[in-house]
Amino acid sequence: MSQIRQPVVAGSFYPSDPQQLHQDIRTYLDEAESKDGVPKALIAPHAGYIYSGSVAGSVYNLLKSCHNTIRTVVLLGPSHRVGFRGLAVPSTEYFATPLGNVAVDQKKIADISDLSFVQTMDNAHALEHSLEVQIPFLQEVFDDFSIVPIVVGDAAPVEVAEVLERLWGGAETLIVVSSDLSHYHDYETAQKMDNATSAAIEQLDIGQIGYQSACGRIPINGLLTIANKLGLIVRTVDLRNSGDTAGSKDKVVGYGAYAFH
């Protein structure tokens, strides 16, 4: 496989034109309410930007003040295309977007490669959008950083938590979990489900986040597991669905943004 993982949803999930992409993300960031406190970890949605970009922008806005201090972003998202057991890391050296290339931190990947449930699996990354859509936001917010991209398959929350604990680092490291919430319910049903999921996330309650709650339930539950262990607190930064942003209210997808401190 090429040493550069090329974008696969540029032009569909987000603009392929660099200037337009830059302008759109700056708008999402600038429209968000500024709040104090830089999170150690966050959860952000991964739909097309027209639907979820403003929700993602609300939590990425919190990172503006640390644009020159974050050096490593551990990025986890669910697998939508390939079924597999465990967690998949890439062999590629860079992930590309229309805004340029971002280096993959192969040293950090080596730090988790001895775990039996971590495997190098480029085809899990090749068509996966959950990680890709986060990277342009990171490129806009940070000056110079590398990523540790991990696609999460069929894994236990404790396995995800073990990986996160090894990669946790200090103030130079950010954890990002990519996930949407409920899928294709009517507006009122989605609101009830997503409110319940948000309450569970805030309470670090992995027992309440199941298959219907979030497509990224496994990486979310892994993050909640380590957050419980380390005594982090969580707040909901934004909670909307596609019926609030750019779609009908008949069948909506939920989007939440969460900050862990």
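The values are calculated or read from the model by the stated rules, or taken from the named source; none is laboratory data. As the structure is a computational prediction, the values presented were derived from the model and not from experiment. Neighbour counts are summed over all protein chains in view; Cβ atoms, including those assigned to glycine, are modelled from backbone coordinates with ideal geometry. For the accessible areas, the whole protein counts, side chains as well, though only heavy atoms, and no ligand, DNA or RNA atoms are used. Shrake-Rupley method; radii C 1.70, N 1.55, O 1.52, S 1.80 Å.
Observations, loosely collected:
- Output for the stretch 221-232, where each listed residue is within 18 Å of the chain's Cα centre (by Cα) and open to solvent by 30 Å² or more (accessible area, probe 1.4 Å): T225
- The residues on offer are A96, A103, and the sole one that is of a type outside the set (S, T, Y), in contact (Cβ under 8 Å) with a residue 60 or more places away in the chain, surrounded by fewer than 21 Cβ atoms within 10 Å (Cβ to Cβ) and part of a strand (DSSP E or B) is A96.
- Among residues of the stretch 199-220, those that are part of a helix (DSSP H, G or I) and either without any contact (Cβ under 8 Å) to a residue 24 or more places away in the chain or open to solvent by less than 10 Å² (accessible area, probe 1.4 Å) (or both), counted: 7
- Top-ranked residue in the stretch 129-151 [being surrounded by 20 or more Cβ atoms within 10 Å (Cβ to Cβ) and among the acidic types (D, E); ranked as farthest from R217 (Cα to Cα)]: E140
- Of all residues making up the stretch 111-120, the number that are assigned to a loop (DSSP other than H, G, I, E, B), open to solvent by 30 Å² or more (accessible area, probe 1.4 Å) and not small (G, A, S): 1
- Selection within the stretch 154-191 - over 30 Å from D244 (Cα atoms) and among the aliphatic types (A, V, I, L, M): A155, A156, V158, V160, A161, V163, L164, L167, A171
- Scanning the stretch 226-238 for residues being farther than 14 Å from Y51 by Cβ and in a strand (DSSP E or B) gives a total of 4.
- A single entry from H80, H46 fulfils the requirement of being under 29 Å from V237 (Cβ atoms), open to solvent by 30 Å² or more (accessible area, probe 1.4 Å) and touching a helix residue (DSSP H, G or I) at 6+ places or on another chain (Cβ under 7 Å): H80.
- Within the stretch 34-68, the set of residues being β-branched (V, I, T) and modelled with pLDDT of 95 or more comprises I43, I50, V55, V59.
- Of all residues in the stretch 63-86, those being among the aliphatic types (A, V, I, L, M) and over 15 Å from the mean Cα position of the chain (by Cα) number 2.
- From the list D154, D180, the lone residue that is exposed (fewer than 15 other Cβ atoms within 10 Å of the Cβ) and out of contact with any helix residue (DSSP H, G or I) (no Cβ under 6 Å at 6 or more places or on another chain) is D154.
- Residue count for the stretch 155-174 under the criterion of being outside any loop (DSSP other than H, G, I, E, B) and either without any contact (Cβ under 8 Å) to a residue 60 or more places away in the chain or more than 13 Å from G216 (Cβ to Cβ) (or both): the result is 11.
- Check on D250, assigned to a loop (DSSP other than H, G, I, E, B), more than 22 Å from H80 (Cα to Cα) and open to solvent by 50 Å² or more (accessible area, probe 1.4 Å): yes
- Residues of the stretch 1-29 satisfying the condition of being under 21 Å from F260 (Cα atoms) and either open to solvent by 70 Å² or more (accessible area, probe 1.4 Å) or in a loop (DSSP other than H, G, I, E, B) (or both): none
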